[in-house]
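Below is one structure, written out as structure tokens; comments come after it.
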Amino acid sequence: MTSDVAQTNASIVVRQVTCPHCKGPSLYAAANEHRPFCSFRCQQNDFGSWATESFSVQADTAHDEDPLR
Ligand SMILES: [Zn+2]
């Protein structure tokens, strides 16, 4: 009998944040599935960059374990 639905809708807060990748405005809301990124492209680019970094770190470590001749 109460208006729970209306209260739930009122509690949805749409915020604008800074995209971690392009530093542009990004909509931090349920409608933006790539949040806190502004777009799919930014999300993929950011994940790709840190994934590449960790891979290169692992490769460097492997090189360091090369025995001296
Ligand atoms: Zn972005």
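Brief remarks follow.
- Residue that is modelled with the highest pLDDT, among those in segment 34-48 that are under 10 Å from the mean Cα position of the chain (by Cα) and exposed (fewer than 13 other Cβ atoms within 10 Å of the Cβ): F40
- Pairs linking a residue in segment 28-44 that is farther than 15 Å from T18 by Cα to a residue that is polar (S, T, N, Q), with Cβ atoms under 7 Å and 6 or more positions apart or on different chains, do not occur.
- Checked against the criteria, R69 does not count as touching a Ser or Thr at 6+ places or on another chain (Cβ under 7 Å), at pLDDT 65 or above and of a type in the set (K, R).
The values are calculated or read from the model by the stated rules, or taken from the named source; none is laboratory data. In this text, all values refer to a predicted model and were calculated from it rather than measured experimentally. Glycine gets a Cβ as well: all are built from the backbone with ideal geometry, and neighbour counts include every protein chain shown.
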